[in-house]
Amino acid sequence: MSEHVRGTQATFTANFLEYDGTPMVPADRDSWPAVTIRDPDNTVIATGIGSQIAEGQYSFNWFVPVAAELSTEDGNNWTIEWAMVTAAGHTHQTAEKFQIVDKIESVPEERTHTYLTTDGGIIRALIRWPRQLCEVSQTVMDATGSNALLYVPGVASNDTQSTISNPNRLITELQQDGEYLYFYDYGPMVAGEYQFHWNTLESAASERIVQVQIGRAVPGIFWHYNAEIRTRVDKLQKSTDMVQQYSDAEVFSYLKGGLDILNFMAPPTNYVLADIPFVGSSGVRTALIYCSLVDAINAQQILEIDLNFDHSGQTVTLNYNHDYSGVLSNLQAVIDKFAEAKIQLFRRSQGAAFSGARVKNFRFGHRVFKLDQAFRNVALPGGSSLWRNLGV
């Protein structure tokens with residue numbers, strides 16, 4: 001049984017075929033097939049004539065009134081009736097039940113700006129639309145958006161075209177919760193960032209709309225920091241049905257922002273997650289967590305400002321105000337202490353000294369050896385042992 005949303009256009013189709021499978025020919029194409037739509041009380045709400053879209057196949061478009069009576073689980077359904085009189089004088093009638101539903105808000109995880117999976121995982125990129133789209137395609141780009149990795153030209157018309165085992169599969173369309181859902185499974189993905197470009201056309205006369213979503217395949221080390229950040233910033237353990245929850249994709253964004261803050265501190269560095277050990281990091285691991293918390297709480301503070309209200313002047317006073325400025329100040333104090341010590345950590349990680357001399361040895365012919373950091377695993381920082389090994 002099909003579902004149609006109040007305040008949107010519904011499209012119905014019907015086939016009129018003879019017993020041998022040949023298309024029926026209407027007695028008058030301007031009068032047949034006749035269409036009647038009835039509400040659950042059997043009251044006629046709309047009438048019209050079906051439009052031929054192929055031999056023996058017809059469609060009828062109807063705008064569902066905003067105040068249309070909603071269907072219920074106990075069978076309070078609507079009905080569309082089709083009637084055809086053929087050129088041979090035969091009459092054929094058919095009826096179909098359908099439901100009228102209200103628009104249901106998408107769940108929070110489907111409103112996210114980014115998707116997250118593990119290295120080698122699969123991402124299901126999806127969009128919801130209140131009406132069935134006329135055209136929809138998807139292009140998967142690299143992190144910079146300059147190179148196309150995959151182009152999916154349209155929507156699947158059968159299960160074979162949409163199955164994940166089909167390397168040439170198309171976009172899947174589903175009608176769910178009063179909306180149309182379009183999704184495509186992409187993967188397995190190598191660790192990195194990807195862009196999903198949705199190109200949509202609602203009708204032949206509407207403008208094309210491009211929506212861009214970000215997909216990230218994260219290394220396994222991320223889940224360590226995900227747990228560490230959540231134990232500090234999400235003590236309420238907000239669940240997935242709360243709009244204010246922290247999703248894994250958001251935590252990864254905060255971690256990337258925290259890593260940039262850490263690298264920005266003087267002296268500038270180029271740390272990546274794999275560079276920071278869990279044990280013996282001289283506080284760099286904890287500093288990264290604190291920098292990530294600042295990024296996360298700043299985002300939460302913006303949300304709280306949007307939700308803030310104060311109702312006073314009446315018998316009852318209501319006030320809602322979550323101020324994280326004190327928490328941010330405490331975090332910043334710890335980060336400032338690390339910033340003071342970072343220069344010593346940087347110096348210690350670079351070794352005591354490196355020789356910049358160019359040594360010449362006539363026993364090897366006219367050769368010059370440049371001594372720099374590339375020889376750290378061969379010689380001591382001073383370079384004297386390397387010279388001795390070369391016979392100088």
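The values are calculated or read from the model by the stated rules, or taken from the named source; none is laboratory data. Keep in mind that what you see is a predicted model, and the values were worked out from it rather than measured. Here Cβ is always computed from backbone atoms with ideal geometry, including for glycine, and neighbour counts include all displayed protein chains.
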- [ ] May I ask you to list the residues in region 114-138 that are part of a strand (DSSP E or B) and either over 19 Å from GLU173 (Cα atoms) or free of Cβ contacts under 8 Å to residues at least 60 places away in the same chain (or both)?
- [x] THR114, TYR115, LEU116, THR117, THR118, LEU126, ARG128
Task: Complete set of residues in region 44-67 that are in a loop (DSSP other than H, G, I, E, B) and either farther than 19 Å from ASP102 by Cβ or in contact with a strand residue (DSSP E or B) (Cβ under 7 Å, 6 or more places away or on another chain) (or both) - done: GLY50, GLU55, GLY56, VAL64
Task: Within region 156-218, strands (runs of 3 or more DSSP E) holding 1 or more residues that are touching a residue at least 24 places away in the same chain (Cβ under 8 Å), surrounded by 12 or more Cβ atoms within 10 Å (Cβ to Cβ) and more than 16 Å from the chain's Cα centre (by Cα) - done: 172-176, 179-186, 192-201
- [ ] Can you run down the residue pairs with Cβ atoms below 7 Å, 6 or more apart or on separate chains, where the first is in region 295-320 and β-branched (Val, Ile, Thr) and the partner is surrounded by fewer than 12 Cβ atoms within 10 Å (Cβ to Cβ) and in a strand (DSSP E or B)?
- [x] THR317/HIS311
- [ ] Return a yes/no flag: does region 68-82 have any residue that is farther than 24 Å from PRO130 by Cα, small (Gly, Ala, Ser) and assigned to a loop (DSSP other than H, G, I, E, B).
- [x] no
TODO: Please indicate, with yes or no, whether at least one residue in region 184-198 is closer than 27 Å to PHE98 by Cβ, in contact with a strand residue (DSSP E or B) (Cβ under 6 Å, 6 or more places away or on another chain) and in the same structural domain as LEU116 (by TED's automatic domain parsing).
DONE: no
TODO: Determine if region 276-288 includes at least one residue that is in contact (Cβ under 8 Å) with a residue 24 or more places away in the chain and loosely packed, with under 13 Cβ neighbours inside 10 Å.
DONE: yes
- [ ] Quick one: which residue in GLY120, GLY56 is surrounded by fewer than 13 Cβ atoms within 10 Å (Cβ to Cβ) and among the small types (Gly, Ala, Ser)?
- [x] GLY120
Open item on the list: Quick check on region 59-76: of everything there that is in contact with a Ser or Thr (Cβ under 9 Å, 6 or more places away or on another chain) and crowded, with 16+ Cβ neighbours inside 10 Å, which residue is farthest from LEU17 (Cα to Cα)?
Closed with: VAL64
- [ ] Kindly indicate whether any position in region 138-151 is of a type outside the set (A, V, I, L, M, F, W, C), modelled with pLDDT of 95 or more and surrounded by 15 or more Cβ atoms within 10 Å (Cβ to Cβ).
- [x] yes
- [ ] Among residues belonging to region 1-49 that are small (Gly, Ala, Ser) and over 27 Å from LEU181 (Cα atoms), point out the one that is surrounded by the most Cβ atoms within 10 Å (Cβ to Cβ).
- [x] ALA34
Open item on the list: Can you say whether ASP119 is of a type in the set (Asp, Glu) and over 29 Å from SER206 (Cβ atoms), as far as the supplied structure shows?
Closed with: yes
